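Taken together, the values in this text are just the output of simple stated rules run on the coordinates, not laboratory data. For clarity, every value in this text was computed on a predicted model and none was experimentally measured. Cβ sites come from the backbone with ideal geometry, for glycine too, and all protein chains shown count toward neighbours.
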Amino acid sequence: MNRILITSSSTKHSLVKSVDKNLKGLDMEIVLGDTNPYAPSKYYGYEFIIMPKVPNKLERIYKLLKTKNISFVIPTREEELVFWSQFNKTYKKSDIKVIISNEKEIKAAQNKFSLFEILSSNGFNAIPTFKDLKQLKNKKFIVKEEVSNSPNKTIFSTDKSFTESMVKKYKSPIFQPIIDGVEVSIDAYCSFNSENIYLICRERRFIKDGESFLTKTFRSKTIENEAIQILKLLNLKGPVMLQGIVDKNQTIHWMECNPRFGGASNAGISMGLNVWRWSIKELIDDKYSPVFKRKRSEIVQAKSINDHVFSVDDRYMKLDKKLVDSSTSKNELEKISHKIWEWRNDKISRKFSKNTEEITFETHQEWFNNIIFSRNHKLYIFSSEDEYVTVIRLDKIKNKIYEININTNPDFRGYGLSGDALSEVVNENSDKIIRAFIHKTNLKSISLFKKIDFKWTRDNTKFKVFEYKK
């Protein structure tokens, strides 16, 4: 049995429990460590080790871990990350592995000014960061230590008690303008064995002393893609957390990067981001590749001694609906037509279609024109974050009976947007009888239509027929 040490475990009961749950079936024994002999974690029901303070002599720590038969280490405190990365490098060939990034990358991520320079020079919208207060023109600003592992907390110029003399206690202060908006965190796992990155986004709904006590997950393709680009640029490994602020225009302003598991990152594990399990399996087997199966519904997590998780239905990504017809501009019709053709020839789309063959653009365009200029068809296109995401078509069979067809941009599958779009179209056409022919093996679509009150009526050779009527 392998033994894994969680450092600085003190009051991190929910983290310990998430590690325990995430490692089920891996034959792992959890050991807790802390410098405080009276740390609450001593009574969590696991073996407890009184740890020397770090930084410390590497050899001393190595001997302690060997004595305790420790195989893996999870550092949890910002101030100890550099030490453990040095330990990992020194004892790289030993049988003790630390779940951590390399020292150079950790230092770059922890230094807020360096991070600002890296992100802004690579075209990312990072919050402007200054070392001199005189350079800052904003009346509302915050003061932080330049390096994340410093003890001084963030102070706000808007606080009644704020005075410029308070800045003098900072070792190396940096200044940032206050951005109005919603603070968000991105919990990520950066693979040790590949360049793959898996992540979830969450809003920080209630924050106290820098910790998120109420957090809600959401999906945004724009934010997710940008976060992946940033994490690849920073070259971090294992559990990582990015932070930013989304303003009223839905633009994200990148703020910080913590190269470790965050205080509310258990929400990520609840969504399927199995960072501890993946870390161990990758460090044991350099050919192992994680598989991320994100939970479809969003959750709210309320932090306490144990984190409480609740499923929720509301979604961050908003849909804009457009009825496409002969009044739509020529330029937009061309764009929509080309997108629908691309989605139609996607491998998965064809698998569940009545006609599984690829079609030429000429054939598609002829069909598209017939749809647009016919009164027997309705074509809806939905967009989100300036991209087309879902198309829904209603084809008149007779009188008030219509057949419905839906297809989603392959890049947006799994975001839960198809259900929202489908519900909106069905509600708008609730005076009609709507039939859906769904491939028998397309279980996700079957589930989707059932949720919005489509009833099964019959089966044919390949398809199940569902019907909606009020």
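Listed by chain and number, the aspartates and glutamates whose alpha-carbon sits under 18 Å from that of Lys68, ignoring those within fewer than 8 places in the same chain, are Asp27, Glu29, Asp34, Glu47, Glu59, Asp95.
Each Lys and Arg Cβ is given +1 and each Asp and Glu Cβ -1; about its Cα centre, segment 254-385 then shows a dipole of about 380 debye. Only Lys, Arg, Asp and Glu carry charge here, each on its Cβ (+1 for the first two, -1 for the last two); on that basis segment 320-468 has a dipole of about 860 debye about its Cα centre. Ranked by the mean number of other Cβ atoms within 10 Å of their residues, highest first, the peptides 400-410, 214-224 fall in the order 214-224, 400-410. With semi-axes defined as the square roots of five times the eigenvalues of the C-alpha gyration tensor, the equivalent ellipsoid of segment 259-302 measures 22, 14, 6 Å, largest first. The amide H of Phe141, built 1.01 Å from its N in the peptide plane, has Ser157, Thr158, Ile178 as neighbours under 5 Å, considering only residues 5 or more places off or on other chains. Near Phe292: Cβ cut-off under 15 Å, other residues only, Lys/Arg at +1 and Asp/Glu at -1. The net charge is +4. Non-local amide H neighbours of Arg3 (under 5 Å, H modeled in plane, Pro and chain starts lacking H): which ones? Under 5 Å from the amide H of Arg3 lie the amide H atoms of Glu29, Ser71, Phe72, each far enough along the sequence or on another chain.
Can you give the log10 of the normalised intensity I(q)/I(0) at q = 0.10, 0.12, 0.16, 0.25 Å⁻¹, computed with Debye over equal Cα scatterers of segment 169-248? Debye curve over Cα of segment 169-248, log10 I(q)/I(0) at q = 0.10, 0.12, 0.16, 0.25 Å⁻¹: -0.29, -0.41, -0.70, -1.20. Per residue, the convex hull spanned by the Cα atoms of segment 22-127 amounts to 158 cubic angstrom.
For Arg205, the residues whose amide H sits under 5 Å from its own are Leu214, Thr215, Lys216, ignoring neighbours fewer than 5 places away on the same chain, with H placed 1.01 Å from N. Shape class of segment 66-135 from the alpha-carbon gyration tensor: prolate, with a/c at 1.5 or above and a/b greater than b/c. Structure note, pairs Lys131/Lys216; Lys131/Lys248; Lys293/Lys321: Cα-Cα distances above 31 angstrom occur for Lys131/Lys216.
Rounded to the nearest 500, the 222 nm mean residue ellipticity of the chain from helices alone is -8000 deg cm²/dmol, with -39,500 (n - 2.57) taken per DSSP H run of at least 4 residues.
For segment 1-112, what does the relative contact order come out to in percent, with C-alpha contacts under 8 Å and a separation of six or more? Computed over segment 1-112, the figure is 27 percent.
Using the Cβ-Cβ distance between Glu29 and Arg60 with R0 set to 30 Å, the FRET efficiency from 1/(1 + (r/R0)^6) comes to roughly 0.85. Where a ≥ b ≥ c are the square roots of the eigenvalues of the C-alpha gyration tensor, would you call segment 128-177 rounded, which needs a/c under 1.5, or, failing that, prolate if a/b is larger than b/c, or oblate? Taking the square roots of the gyration eigenvalues as a ≥ b ≥ c, segment 128-177 is oblate. A dipole drawn for segment 320-468 from +1 and -1 charges on Cβ atoms has a positive end, and of Ile397, Thr457, Ala436 the residue lying farthest that way is Thr457. Using only side-chain charges placed at the Cβ, +1 for Lys and Arg and -1 for Asp and Glu, the dipole size of the chain relative to its Cα centre rounds to 940 debye.
Among 338-351, 88-101, the peptide with the highest mean count of other Cβ atoms within 10 Å heads the list, and the full ranking is 88-101, 338-351. Shown in residue order for segment 28-43 are the 3J(HN,Hα) couplings computed by the Karplus curve 6.51 cos²θ - 1.76 cosθ + 1.60 at θ = phi - 60°: 10, 10, 8, 10, 9, x, 6, 6, 8, x, 10, 4, x, 5, 4, 10 Hz (x for Gly and Pro).
With the charge dipole of segment 10-71 set up from +1 on Lys and Arg Cβ and -1 on Asp and Glu Cβ about the Cα centre, the Cα lying farthest toward the positive end among the listed residues Leu23, Ser10, Leu58 is that of Leu58. Phi angles across segment 231-238 convert, under the Karplus curve 6.51 cos²θ - 1.76 cosθ + 1.60 with θ = phi - 60°, into 3J(HN,Hα) values of 5, 5, 5, 7, 6, 8, 10, x Hz, Gly and Pro given as x. Average the reciprocal distances over every distinct pair of alpha-carbons in segment 320-468, invert the result, and give the Kirkwood radius in Å. By the Kirkwood definition, the hydrodynamic radius is 15.8 Å.
Taking Cβ atoms as reference points and 9 Å as the exclusive limit, the residues near Glu47 contribute a net charge of +1, counting Lys and Arg as +1 and Asp and Glu as -1. The phi torsions of segment 325-332, fed into the Karplus equation with coefficients 6.51, -1.76 and 1.60 and a -60° offset, translate into couplings of 8, 5, 7, 5, 4, 4, 4, 6 Hz, rounded to whole numbers, with Gly and Pro shown as x. The peptide list 167-173, 37-43, put in order of mean Cβ contacts within 10 Å with the highest first, becomes 37-43, 167-173. If you take all other residues with their beta carbon under 13 Å from the beta carbon of Pro410, and give Lys and Arg +1 and Asp and Glu -1, the sum is +3. The smallest convex shape that holds all Cα atoms of the chain, its convex hull, gives 196 Å³ per residue.
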